[in-house]
1. Taking amide H atoms as placed 1.01 Å from N in the peptide plane, list the residues 5 or more away in sequence, or in a different chain, whose amide H sits under 5 Å from that of H92.
2. Return one whole number: the accessible area per residue of region 109-212 in Å², for a 1.4 Å probe.
3. Which whole-Hz couplings ³J(HN,Hα) result when phi for each residue of region 174-190 is put into the Karplus expression 6.51 cos²θ - 1.76 cosθ + 1.60, θ = phi - 60°, listed in order with x for Gly and Pro?
Amino acid sequence: NTMIFKLFALIVAAVTGLLGLLGLHQPVPKPLPTPSMPTSTPTSTASSDSTGVPAPSTSVTAVPEPLRPVAMDMPAGTHPATKADMSKFLSHNWTSTANKYAVIYMGKSQPFDGTEEIKKEFNGNVPEGLRMLTYDPTCNAVQTAVWFDGNTMRTTAWGMQTLRGCQIDVEKQSEEFQTFMKQSDIYFNAAGDRAYLKRTDGKVSEWIIATN
């Protein structure tokens with residue numbers, strides 16, 4: 001029995017040693033690589049601050065300039081229009097210095113053609129030198145009969161040539177221009193390049209020769 005026990009112990013030791021030998025050559029499992037976290041670079045935003053709130057717009061809305069007043073005081077150095085001045089006034093078109101779109105087409109005016117409607121305005125007594133005049137007081141063009149007594153201009157038989165809508169300030173300025181066309185005394189400056197229409201209240205409107 002003792003021999004059997006020793007033999008059994010020998011076999012167990014041999015098996016144990018063999019297993020241990022085999023364990024030395026088994027591959028040691030390697031640790032799996034830890035996945036790296038992706039790095040990101042913060043992207044710039046349209047905002048100039050760190051809050052993410054869009055920067056306020058810097059655009060500025062243009063404010064239209066107010067229209068210049070038509071009526072003014074008579075400048076110094078003017079004189080009532082002479083015959084030579086009146087000849088110049090009748091042969092040119094005139095534009096306002098307050099608004100370049102206000103034009104008196106005096107140079108394009110035509111002699112009265114005997115229209116019965118116009119005759120009725122004068123009860124048949126048509127003034128000498130009566131002319132048909134078109135002028136544009138910025139809003140709607142107007143046609144009227146015009147005549148002169150010395151340097152005094154008078155008009156009658158008004159009629160609208162156009163019927164367009166206008167802004168309130170333009171319409172008011174247009175109405176003021178028309179007050180100078182009903183009856184005005186014509187004045188010129190010393191250089192003869194500016195004409196002035198003087199209303200009965202003493203206020204004047206200033207005009208220069210139109211380039212168109």
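1. G107
2. Working: 5600 Å² over 104 residues.
Roughly 54 Å² per residue, with all protein chains present.
3. Karplus values, whole Hz, x for Gly and Pro: 4, 5, 5, 4, 5, 5, 7, 8, 5, 7, 8, 8, 8, 10, 10, 7, 5.
The values are calculated or read from the model by the stated rules, or taken from the named source; none is laboratory data. Owing to the predicted nature of the structure, the values given are computational and were not obtained by experimental measurement. Accessible surface is based on the protein model in full, side chains and every heavy atom, while ligands, DNA and RNA are left aside. Shrake-Rupley method; radii C 1.70, N 1.55, O 1.52, S 1.80 Å.
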